[in-house]
Amino acid sequence: MTKAIFIRNASQLVTLHGGSDAPRVKAEMSELGIIENGSVWIEDGVIQAVGTDEELAAKYANRLSEAELVDASGKLVTPGLVDPHTHLVHAGSRENEFNMRLQGKTYMEIMNAGGGIHATTRATKAASHDQLYKESYNRLNQFLRHGVTTVEAKSGYGMNWETELKQLEVAKELQEKHVVDVVSTFMGAHAVPKEYKENPDEFVRVLVEEMIPKVAELGLAEFNDVFCEHGVFTPEQSRVILEAGKRHGLIAKIHADEIEPYEGAELAAEVGAISADHLLKASEKGMKAMAEKGVVGVLLPGTAYFLMAESANGRKMIDLGVPVALSTDCNPGSSPTVSLPFIMSLGCLKMGMTPAEVITATTINAAHAINRGREIGSLEVGKKGDVTIFNIENYMKLQYSYGVNHTDTVVKNGRVVVKGGQLIEELSLS
């Protein structure tokens, strides 16, 4: 049982109420449910009341002395931010590839020469469980300082059972020990290992018949993802991998149409994936199919920015009715960032989204992209007490004043874990 928390007098309280059953689409993405001079009462880790400060002060008048008071005067209060696509658990960095790209090398050229995913795979294979845990734990600390309270974490830097298992076990331990919630995705199909380069179908068989059943049996992941891209996995191979995951109870996700049009968006709709991610080159046909099936488009403008590529057409997707979410795609090769607020700014500047839409895309729609829409992503009675408080007075300033971490206070499961931009170590971390 935790002490009640009373967050008071927010300049703007962004509630996003009413979006728990399905992700928001079209004009709904601009409906933030703002309460001026708003307040939230949290108890036992759960939101108990949301309204104006006057309403809640009257409702809890006899209990105000019991609660921990958090003064949000002049500040923006939102649901805890949700990052629905990360490669959190990995070892090594690839700053040398950054320099290669600046000299004109493409992402696929670097990967085919043994860099890219393969470079991180080598580093992750060589790392111990403890090393991976410590490095990933520190990354979670950085996410938390930027207002993120839930992240999705993919495996995929092993491409053999031993290393994939190690990544998934580290993610599980992080979920148990770190205050940030970690939602796991199995992504053994991140690339074709070099030893299977001449026979990729055999690696697909290994994934389908050996790895996926073990992941499901051990309960180490909720989702199953595949990199559907020319030179990686074909749409046909991707379909086989995703359908195999579904047979074992894993929800389908897909890296789709990132580098060239490859009918990944269409495949996402066909197999009923919960999300299709990247989508820089998605066809209009694919977008419409996703909209019809309610597949969340998880867009990653930081990746396009870092690879010096044209961003996905977020404006068009929203106008077509695709529910859009945003993510950092935190990874060592194509998006080495933990700043979801910076990604919001890129959503506006590079993809034609409005400030309101990017708030929706990093809260309730991001929650739906990882099957958590009924638990997090909005400030509503009965949801987890996950709240981020920014030291700015309105939501538009969050994207306008870019490259600055405005996070002041973070409440996770009804506990203050960041205060004044700093971690409260005795409460949350070691």
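What the table below lists for this structure:
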item	result
Tabulated pairs, the stretch 334-358, first within 21 Å of residue 98 (Cα to Cα), second of a type in the set (Phe, Trp, Tyr) and buried (at least 20 other Cβ atoms within 10 Å of the Cβ), C-beta under 6 angstrom, 6+ apart or interchain	338/143
Selection within the stretch 250-287 - within 22 Å of residue 105 (Cβ to Cβ), open to solvent by 10 Å² or more (accessible area, probe 1.4 Å) and under 20 Å from the mean Cα position of the chain (by Cα)	258, 280
Lone unmet requirement of (1) in contact with a Leu (Cβ under 7 Å, 6 or more places away or on another chain); (2) part of a loop (DSSP other than H, G, I, E, B); (3) not polar (S, T, N, Q) for residue 343	(2)
Which listed residue, of 420, 403, is in contact (Cβ under 8 Å) with a residue 24 or more places away in the chain, farther than 16 Å from residue 299 by Cα and surrounded by fewer than 23 Cβ atoms within 10 Å (Cβ to Cβ)	403
Unique match (being more than 28 Å from residue 297 (Cα to Cα), open to solvent by 20 Å² or more (accessible area, probe 1.4 Å) and in a strand (DSSP E or B)) among 55, 36	36
Filter result (farther than 16 Å from residue 91 by Cβ and either open to solvent by 10 Å² or more (accessible area, probe 1.4 Å) or touching a strand residue (DSSP E or B) at 6+ places or on another chain (Cβ under 8 Å) (or both)) within the stretch 335-345	337, 338, 339, 340, 341, 342, 343, 344
Condition check for residue 117: hydrophobic (A, V, I, L, M, F, W, C), in contact with a Phe, Trp or Tyr (Cβ under 8 Å, 6 or more places away or on another chain), modelled with pLDDT under 95 and crowded, with 19+ Cβ neighbours inside 10 Å	yes
Selected residue (only one of 208, 204, 226, 179 is in contact with a Phe, Trp or Tyr (Cβ under 8 Å, 6 or more places away or on another chain), open to solvent by less than 30 Å² (accessible area, probe 1.4 Å) and not in a strand (DSSP E or B))	204
Residue, most open to solvent (accessible area, probe 1.4 Å), within the stretch 100-112, restricted to residues that are at pLDDT 85 or above and of a type in the set (S, T, N, Q)	103
Considering residues of the stretch 182-197 that are without any contact (Cβ under 8 Å) to a residue 40 or more places away in the chain and buried (at least 22 other Cβ atoms within 10 Å of the Cβ) only, the residue nearest to residue 329 (Cα to Cα)	184
Every residue from the stretch 403-430 that is modelled with pLDDT under 95 and of a type in the set (Ser, Thr, Tyr)	428, 430
Residue list for the stretch 141-157, restricted to those being part of a helix (DSSP H, G or I) and buried (at least 23 other Cβ atoms within 10 Å of the Cβ)	143, 144
Meets criteria (outside any helix (DSSP H, G or I) and touching a residue at least 12 places away in the same chain (Cβ under 8 Å)) for residue 133	no
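The values are calculated or read from the model by the stated rules, or taken from the named source; none is laboratory data. Bear in mind the structure is a predicted one, so any value in this text is a computation, not a measurement. Because the Cβ atoms are built from the backbone with ideal geometry, glycine has one as well, and the counts that use them run over all protein chains shown. For accessibility, only protein heavy atoms count, side chains too; no ligands or nucleic acids. Shrake-Rupley method; radii C 1.70, N 1.55, O 1.52, S 1.80 Å.
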